[in-house]
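Worksheet: the structure to be examined is printed underneath.
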Amino acid sequence: MSELMSDRAIDRSKMQVSDEVAIEITNMNKWYGSFHVLRDINLTVNQGERIVIAGPSGSGKSTLIRCLNALEEHQQGKIVVDGTELSNDLKNIDKIRSEVGMVFQHFNLFPHLTILENCTLAPIWVRKTPKKEAEERAMHFLEKVKIPEQAHKYPGMLSGGQQQRVAIARSLCMMPRIMLFDEPTSALDPEMIKEVLDTMIELAEEGMTMLCVTHEMGFARQVANRVIFMDAGQIVEQNEPEEFFNNPKSDRTKLFLSQILGH
Amino acid sequence: MSDTHAHSIAFVRDTEIPPSPPPAGETGVVKWLRENLFSNAVNSALTIASLLVIYILLSKTLPWLLNGVWTTNSLAECREVLQGKTGACFSVLTERWNQLLYGFKYPSDQYWRPNLALVLLLFAIAPVLFFDLPRKLLAFTAVYPFLAFWLIWGGTILAPIVALVGFAAGAFVFQTYGKSSFAVGFFGAIAAAFAVWILGGWLIPEGASENAMLKAVPSRDLGGFMLNLMLGVTCVSLSLPLGIALALGRQSDMPLIKWMCVVFIEFVRGVPLITLLFVASVMLAYFFPPESTVDLFLRVVIMITMFSAAYIAEVIRGGLAALPKGQYEAADSLGLDYPQAMRLIILPQALKISIPGIVNVAVGLFKDTTLVSVISMFDLVGMIRGPILASTEWNGVYWELLGFAALLFFVVCYGISQYSQWLERRLATDHR
């Protein structure tokens, strides 16, 4: 298990799960050509939930969360995000994308723009926020991820951990109701993983709805209220972290946990 | 560590060694020569051989250049002055200076008009090339094409004004309706522009150009290096946006648009430019109604623009393909729509990658403007090959004339190349 977790006590007071449904996936199927990547996915996420999705590579976990903001198209079933159904209607897709933030494995910052411009671009062009206000908000979030002094540098001048924190701040500037994390620490050196995870924990403490594809089981144990295990395009097991780690039910989960936790 | 102190491990220095200058062979010119020119036997031999070649070249060309005659009226007079010595006959340049620059039909009392247009071009192009300049200067850039048209061709000022108003109407329609639906805005803009042009065409009185403030000059009378510059500037500035549109169209998800772009690019790229120019000069007339006389200059501009746009489209497609997929995904995931993602994220990076290729095409295009001489337009090369070399006075002055043409083109192309290198340095932000 990763020993890089935050050593401070985690404040769970605001981590309340409400009854309001944030994401609802029913009978969703997806194929790449003739390859059945996602098979009959059913999942309901309430506002305020922190969900960690784990599984071996190729199990479809990234594809699943990429379907939630239509970076990937699903072919069957229904996905409702924040009350809007994902369909081919571009207006709906753009609306959902502006409500759902996404953090990528390889950061995907815009290298030709400064950190500040990276953070203000979408608020200015999509939300039509006045430039001054967008910059103030960007500085607020850059302070939150603890790199306000880098605001006028370009992404290429920052370390991987700093870039990933900028990517988180960039998403937050759109004031999203849901955050998706697609292996946010997989491309980072061990010492940088901690700073990114700390930022994510802080976000969880503020009650953000989070779906996280990650191999950081320590993070899952501390922050998640539900862990989902996927294999071969299906949800194999889901449970509260305590039960999931200490008392896994399916053989596939047991095998995966024994490999990843190194018992 | 030197072996002086090898006998004792414990060592304390008690005298300071004063700094001394390096040996004579280790500094300045001597050192540079030894390291760069005579580092070993082969390099020394190459150095000596190169010096020999440089000497031979200079000993032949320098007297030719320095003995040059600048003030005679014909080649025969040149030979008289030189009396058998080696020497260039640069008089052809001074005597035919205006013809080389403006062609032989442009009215000589009107030379100030293209000159003024050239000076204004520098002001118009500056905010485009050097984007740190205040954005408000772009307003002049937008007006410039119409102003330059009026200056160079003369005639009634109403024509360029109607053209400008047409574009303004199109831009206005696109601004108003383009936000809700791109297609409505786009086609509405085209319709509005054409409506203004047709309406304006009726309003301009017959024969308005005859007593205009600036004497009308037909396209046939344009010539010289001025014609090359006009074709080069017009075609480069038109083919870049067209090339971008073609490159994006070729990547489109819509099959109709995609295939239209693919067919256009592959067809135009697969045909020699000369063929297109002949089509422009001879055959294009068959496609237009018999009474309409589409200007020859315009026809040539259309052909060269199409040709280089196809090349630029492929260069930009390379730039688009070089961008990581994550850039598209990041733009999408932030909720940017297609035009925003392209304009703000994708194109700035793709164009930056494509700068060397685009400049390559632009330089090639500028030099290809000399091909119009084969469809009997008298550009710089056309003037040299035609009226000047064919004249009895200057028959046989090849080196001086073609050298001058080469020099003019080199200066412009080298300038473009230097600008592009500056641009690449200026845009380097990724520190890879």
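Near residue A:231, within a Cβ-to-Cβ distance under 15 Å, what is the net charge of the other residues, with Lys and Arg +1 and Asp and Glu -1?
Details: positive: A:39, A:61, A:249, A:252, A:254; negative: A:40, A:237, A:251.
That sum, taken over residues with Cβ under 15 Å, equals +2.
In debye, nearest 20, what is the charge dipole magnitude of chain A about its Cα centre with +1 on Lys and Arg Cβ and -1 on Asp and Glu Cβ, if you could check? Provide the component values of the computation, followed by the final result.
Values: 29 positive and 37 negative charges, 101 e Å.
So the magnitude is around 480 debye.
Of B:366, B:421, B:142, which is farthest towards the positive pole of the protein assembly as shown's charge dipole, taken about the Cα centre with +1 and -1 on the beta-carbons of Lys, Arg and Asp, Glu respectively?
The residue sitting farthest along the positive end of the dipole is B:366.
Using every Cα-Cα pair within the stretch A:42-108, state what percent have a distance larger than 21 Å.
Percentage above 21 Å: 25.
Need one number: the % of Cα-Cα pairs in the stretch B:76-200 sitting beyond the 22 Å mark. Intermediate values should be presented prior to the final figure.
On the way: 4693 of 7750 pairs.
Tail of the P(r) past 22 Å holds 61 percent of the pairs.
Given +1 on the Cβ of Lys and Arg, -1 on the Cβ of Asp and Glu, and no further charges, what dipole in debye does the protein assembly as shown carry about its Cα centre, rounded to the nearest 20?
Roughly 1480 debye for the protein assembly as shown.
Can you run phi through the Karplus equation (6.51, -1.76, 1.60; θ = phi - 60°) for the stretch A:136-146 and list ³J(HN,Hα) in whole Hz, with x for Gly and Pro?
4, 5, 4, 5, 4, 6, 5, 5, 4, 8, 6
When the Cα centres of the stretch B:82-96 and the stretch B:6-76 are compared, how far apart do they sit, in Å?
36 Å
Suppose the chain between residue B:274 and residue B:60 were pulled fully straight at 0.36 nm per residue; how much longer would it get relative to their current alpha carbon spacing?
73.4 nm
Name the residue from B:242, A:64, B:61 whose Cα lies farthest towards the positive end of the charge dipole of the protein assembly as shown, charges +1 on Cβ of Lys and Arg and -1 on Cβ of Asp and Glu.
B:61
How are the Cα pair distances of the protein assembly as shown distributed, in percent, across 10 Å bins from 0?
Percent of pairs per bin, in order: 2, 11, 17, 17, 14, 13, 12, 9, 4, 1, 0.
Using modelled amide H (1.01 Å from N, peptide plane; none on Pro or chain starts), what sits under 5 Å from the amide H of residue A:37, excluding residues fewer than 5 places away?
A:30, A:31, A:32
Build a GNM of chain B with springs between Cα atoms under 10 Å: which of B:93, B:276, B:137 gets the top mean-square fluctuation?
Among B:93, B:276, B:137, the largest GNM mean-square fluctuation belongs to B:137.
For chain B, take the convex hull of the Cα atoms, compute a quarter of its surface area, and give me that in nm², please.
36.9 nm²
Put one equal scatterer on each alpha carbon of the stretch B:222-286, apply the Debye formula with no solvent term, and list log10 I(q)/I(0) at q = 0.17, 0.29, 0.30 1/Å to two decimals.
-0.80, -1.13, -1.14
Using Cα pairs closer than 8 Å and at least 6 residues apart in sequence, work out the relative contact order for chain A, in percent.
28 percent
Can you pull the one-decimal nm distance between simple spin-label points at residue B:118 and residue B:186, each 7 Å off the Cα toward Cβ?
3.9 nm
With a sphere of radius 12 Å drawn around the Cβ of residue B:142, what net charge do the other residues whose Cβ falls strictly inside it have (Lys, Arg +1; Asp, Glu -1)?
Spelling it out: positives minus negatives among the neighbours equals +2.
Rg and Dmax of the stretch B:135-224, using alpha carbons, in Å: what are they?
Radius of gyration, then largest Cα-Cα span, for the stretch B:135-224: 15.6, 48 Å.
Mind listing the long-range amide H neighbours of residue A:209? Cut-off is under 5 Å, sequence gap 5 or more, other chains count too, H placed in the peptide plane at 1.01 Å from N.
Amide H neighbours of residue A:209: A:48, A:179.
Wrap a convex hull around the Cα atoms of chain A, take a quarter of its surface area, and give that in square nanometres.
Seen from a random direction, the Cα hull of chain A projects 14.3 nm² on average.
I need the helices of chain B that pass two filters: whole DSSP H segments spanning 24 Å or more by Cα along the axis, and mean Kyte-Doolittle score no lower than 1.6.
Length and hydropathy pass: B:41-66, B:112-129, B:158-177, B:182-203, B:296-322.
Divide, for the stretch A:1-127, the radius of gyration over alpha carbons by 2.2 N^0.38 Å, where N is the residue count.
It is 1.23.
Per 10 Å bin, what percent of the C-alpha pairs of the stretch B:374-432 does each bin hold, from zero upward?
Histogramming the stretch B:374-432 at 10 Å steps yields 20, 31, 21, 14, 11, 3, 0 percent.
For chain B, what is the calculated [θ] at 222 nm in deg cm²/dmol (nearest 500), taking -39500 (n - 2.57) for each run of four or more DSSP H residues and dividing by its residue count?
Mean residue ellipticity, 222 nm, calculated: -21000 deg cm²/dmol.
Using the C-alpha gyration tensor of the stretch B:101-143, what are the square roots of 5 times its eigenvalues, in whole angstrom, with the largest one first?
Values: eigenvalues 164, 17, 8 Å².
Semi-axes, largest first: 29, 9, 6 Å.
Given charges of +1 on the Cβ of Lys and Arg and -1 on the Cβ of Asp and Glu, with all other atoms neutral, how large is the dipole of chain B about its Cα centre, in debye to the nearest 20?
240 debye
Quick check: from the Cα gyration tensor, does the stretch B:55-118 come out rounded (a/c under 1.5), prolate or oblate?
Here the stretch B:55-118 falls in the oblate category.
Rounded to the nearest 5, what is the percent of antiparallel bridges among the DSSP beta bridges in the protein assembly as shown?
Here the share of antiparallel DSSP bridges comes out near 50 percent.
Write down, largest first, the equivalent ellipsoid semi-axes of the stretch B:40-91 in whole Å, where each equals the square root of 5 times an eigenvalue of the alpha-carbon gyration tensor.
Values: eigenvalues 266, 13, 6 Å².
They are 36, 8, 5 Å, listed from largest to smallest.
What ranking of A:63, B:275 emerges when the number of other C-beta atoms within 10 Å of each C-beta is taken as an exposure proxy, fewest first?
Arranged by neighbour count, lowest to highest, A:63, B:275 become B:275, A:63.
So for the stretch B:305-432, what are the equivalent ellipsoid semi-axes in whole Å, largest first, each being the square root of 5 times an eigenvalue of the Cα gyration tensor?
Result for the stretch B:305-432: semi-axes of 44, 16, 9 Å.
Can you tell me the mean projection area, over all orientations, of the convex hull of the stretch B:161-305's alpha carbons? Units nm², please.
About 11.2 nm², averaged over all directions.
Rounded to the nearest 5, what % of DSSP beta bridges with both residues in chain A are antiparallel? Could the numbers behind the result be given before it?
Details: 20 of 37 bridges.
Antiparallel: roughly 55 percent of the beta bridges in chain A.
Sorting B:173, A:17 on the 10 Å Cβ count, fewest up front, what's the list?
Listing B:173, A:17 from fewest to most nearby Cβ atoms yields A:17, B:173.
For the stretch A:170-243, give the share of DSSP beta bridges that are antiparallel, in percent and rounded to the nearest 5; count only bridges with both residues there. Before the final figure, lay out each step's value.
Values: 5 of 10 bridges.
Roughly 50 percent of the DSSP beta bridges within the stretch A:170-243 come out antiparallel.
Per q in 0.11, 0.16, 0.18, 0.20 Å⁻¹, report the Debye log10 I(q)/I(0) for the stretch B:237-396, using one uniform scatterer on each alpha carbon and no solvent.
Debye intensities relative to I(0), on a log10 scale: -0.57, -0.95, -1.09, -1.23.
Every read-out reported here was derived from the displayed coordinates using simple, explicitly stated rules and does not represent laboratory data. Computed from a predicted structure; not experimentally measured. Don't worry about glycine lacking a Cβ; one is built from the backbone with ideal geometry, like all the others, and counts go over all protein chains shown.
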